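The values are calculated or read from the model by the stated rules, or taken from the named source; none is laboratory data. Keep in mind that what you see is a predicted model, and the values were worked out from it rather than measured. Here the Cβ is made from the backbone with ideal geometry for all residues, glycine too, and neighbour counts use every protein chain on show.
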Amino acid sequence: MAFDKKLESFLEQLLVTPSPAGFEKAGQQVWVDYLKPIADTIETDSYGSAAAHIQVDPSALTVMLESHCDEIGMIVQHVDDSGFVYINKLGGSDPAIARARKVYIHSRDGIVSGVIGHTAIHLQDRGNGKLPKWSDLFIDIGASSREEALGMITVGDPVTLAEQFEYLSDDILCGRALDNRIGGFILAMVMEKLQERRGELQVNVIALNAVQEEVGGFGARMMAYRYEPDIACVTDVTHATDTPGINHKEHGLVKLGQGPVINHGGANHMKVLSHIEKVAKELEISLQHEASGSRTGTDTDSIFYQKRGIPSGLISLPLRYMHSPVEMVSVTDILMLSNLLTEVVAGLDKNQSFSIFD
Ligand SMILES: [Zn+2]
């Protein structure tokens, strides 16, 4: 077992509880229930973002750690006369890997199982091998008419792939929605350690698990505006590019199991990055590096420009096969990232300046 019993069962709960963008309530409840005995207080907003607080000194800096709690999915768009259910994507789901998969439709009355239909190889036209559009894909829920189907589900119900997770080795965890349920898991580990070391903390901490990243970074925007923290450290997953067929000249080289990835450029603030790099060096944690020309494609882009500007830094977990049901991460990386974030916060001074002119 990679983590202690309590953490392992929390991780399992996080991963098996669907949390599609815009429909995160059940997933957030798991996170809030775990953080409740750890944090001083927990606040949620009307859309479902949740923030756990450790407040040590109202006059000191506040650092916000952030991850997003939503996962990509699909949404019911239309039901035809034969009872087949047409879908569209929620966030960046990939239609190329959707066919022949078991899915769960999250109806108002509970889960309805179905499969995304895939025409048998014997029956396919030539040209059937081309990539499908979402409007080509349909879910078969075993209903024989529109009426029967609409007795089970409703247009607008969210849909997730039915895959769960599995350890492929002691170190390699593989499954659906690691992007970014694993971020909330890491923040929980960090908050647990920070609360134990509360006596040495000089700054206040907010751990934000934000909704709706996959559809535009909206939850993080709402909460960064609300709290206006002095600095923010965002954690999400990033592409591990160490598998066949990826052009490193175009996408850089990030390896699974080789440590957290610090992002440079765009929304990332130089002094936040240099604080993170200094702490990583002291801890002898090997950092990997990646560059963003403009957008990081994470909640960092939503946070850094709120109010008067919030100095922000993105530290990511390497992940293979992003936005697929076989996303893959390394436990070694998870442990390194949680240690790093803990020490990044513990190493902040009460009045540390993040002005680039100081
Ligand atoms: Zn993500």
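Here's the yes/no breakdown for (1) in contact (Cβ under 8 Å) with a residue 60 or more places away in the chain; (2) buried (at least 16 other Cβ atoms within 10 Å of the Cβ); (3) under 19 Å from E66 (Cα atoms):
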position: S274; (1), (2), (3): no, no, yes
position: E282; (1), (2), (3): yes, no, no
position: T298; (1), (2), (3): yes, yes, yes
position: L314; (1), (2), (3): yes, yes, yes
position: L317; (1), (2), (3): yes, yes, yes
position: R320; (1), (2), (3): yes, yes, no
position: M328; (1), (2), (3): yes, yes, no
position: E343; (1), (2), (3): yes, yes, yes
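Could you check the stretch 242-267 and list, in sequence order, the residues that are within 16 Å of the ligand (Cβ to nearest atom) and either touching a Phe, Trp or Tyr at 6+ places or on another chain (Cβ under 8 Å) or polar (S, T, N, Q) (or both)?
N263, A267
Could you check D140 against (1) more than 16 Å from the ligand (Cβ to nearest atom); (2) at pLDDT 95 or above; (3) closer than 30 Å to T238 by Cα and say which number it fails?
Against the list (1) more than 16 Å from the ligand (Cβ to nearest atom); (2) at pLDDT 95 or above; (3) closer than 30 Å to T238 by Cα, D140 comes up short only on (3).
Scan the stretch 118-163 for residues that are touching a helix residue (DSSP H, G or I) at 6+ places or on another chain (Cβ under 6 Å) and exposed (fewer than 14 other Cβ atoms within 10 Å of the Cβ) and jot them down.
Listed by number, the list holds a single entry, L131.
How about the stretch 5-96: which strands (runs of 3 or more DSSP E) wholly inside it have at least 1 residues that are away from the ligand (no atom under 16 Å from the Cβ) and under 13 Å from A207 (Cβ atoms)?
Qualifying strands (runs of 3 or more DSSP E): 41-44, 50-54, 62-68.
Looking only at the stretch 199-240, filter to residues that are among the β-branched types (V, I, T) and within 16 Å of the ligand (Cβ to nearest atom); which one of those is nearest to F304 (Cα to Cα)? Explain how you work it out, then say what you get.
In the first step, residues of the stretch 199-240 are kept if they are among the β-branched types (V, I, T); the result is 203, 205-206, 211, 215, 231, 234-235, 237-238.
Right, trim to within 16 Å of the ligand (Cβ to nearest atom) and you get 211, 215, 234-235, 237-238.
Numbers: V211: 17, V215: 18, V234: 10, T235: 14, V237: 18, T238: 19 Å.
Ranking the qualifying residues of the stretch 199-240, first place goes to V234.
Residues of the stretch 12-27 being crowded, with 22+ Cβ neighbours inside 10 Å and either in contact with a Gly (Cβ under 7 Å, 6 or more places away or on another chain) or under 16 Å from V190 (Cα atoms) (or both), which ones?
L14, L15, P18, S19, P20, A21, E24
Give the residue, chosen from D157, D170, D179, that is away from the ligand (no atom under 16 Å from the Cβ), charged (D, E, K, R) and closer than 22 Å to K255 by Cβ. Give the steps one after another, and end with the answer.
Values: D157 fails: closer than 22 Å to K255 by Cβ; D179 fails: away from the ligand (no atom under 16 Å from the Cβ).
D170 is the lone residue from the list that is away from the ligand (no atom under 16 Å from the Cβ), charged (D, E, K, R) and closer than 22 Å to K255 by Cβ.
Hey, among the residues in the stretch 268-320 that are of a type in the set (A, V, I, L, M, F, W, C) and over 23 Å from F185 (Cβ atoms), which one's farthest from the ligand (Cβ to nearest atom)? Talk me through it step by step, then tell me what you get.
First, pick out the residues of the stretch 268-320 that are of a type in the set (A, V, I, L, M, F, W, C): 270, 272-273, 276, 279-280, 283, 285, 287, 291, 303-304, 310, 314-315, 317, 319.
This time we only want the ones that are over 23 Å from F185 (Cβ atoms), so: 270, 273, 291, 304, 310.
Working: M270: 24, L273: 20, A291: 18, F304: 17, I310: 19 Å.
Looking at the filtered set, the residue picked out is M270.
With respect to A100, determine if the residue is touching a His at 6+ places or on another chain (Cβ under 8 Å), among the small types (G, A, S) and surrounded by 21 or more Cβ atoms within 10 Å (Cβ to Cβ).
Values: touching a His at 6+ places or on another chain (Cβ under 8 Å): yes; among the small types (G, A, S): yes; surrounded by 21 or more Cβ atoms within 10 Å (Cβ to Cβ): no.
When the stated conditions are applied, A100 does not pass them.
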